[in-house]
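Each remark here refers to the structure printed beneath this line.
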Amino acid sequence: MLETLLVVGIGLAGGIAVGAQAPIAGSMGNRIGGAAGSLIVHLSGAAASLALLIIRGGENISDWRSLPWYMLGSGVFGLVLYLSLSQTIPKLGATSAITLIVVGQLMAGMVIDHFGLFEVSARSVDLRRILATALLLAGAYLMLR
């Protein structure tokens, strides 16, 4: 039970981080451009990751050559995210932009889970998950109105 609460807390912390970072990235992209903002965000993230990697003794970084191509190129998704934030936040506001991101994550997550893509354990889409998705989409609709 404690482990589950810890994992939920970590997930919420990630959501809070995205929620805080999104308007910062949107404003930065609006001021200096989406690609420039993305570069700054990724350089600062790389520096923070390097510091954490050093603290953790390098983890398994030497095995990077064994990773599939799609894992090595996954940083492209960060660029897409920041370019979308630089366009949506100034026009729609932070809440609507983040709502769209959450809906997109939900759609991607359901497809990834259903087909077991990217080494994720398959979880079939069932009626309960469809109903949960419908409720989340209804909430997103209300947020965007």
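Read-outs: derived from the displayed coordinates by stated rules, not from any lab. Here the structure is a predicted model, which is why all the values come from computation and not from measurement. Note that we place each Cβ from the backbone using ideal geometry, even for glycine, and neighbour counts take in every protein chain shown.
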Report the label-to-label distance for L5 and L136 in nanometres (one decimal), using points 7 Å from each Cα along the Cα→Cβ vector. 2.5
Selected from A47, S96, V8, residue furthest toward positive end of dipole (the chain; charges at beta carbon): S96
Under 8 Å for C-alpha pairs, at least 6 residues apart: give me the relative contact order for the chain, rounded to a whole percent. 25
P(r) tail for segment 2-144, what percent of Cα pairs lie past 26 Å? 38
Determine the shape class of segment 5-75: with a ≥ b ≥ c the square roots of the Cα gyration tensor eigenvalues, call it rounded for a/c under 1.5, and otherwise prolate if a/b is greater than b/c, oblate otherwise. oblate
Quick one: dipole size for segment 2-144, taken about the Cα centre, charges +1 on Lys/Arg Cβ and -1 on Asp/Glu Cβ, in debye to the nearest 20. 340
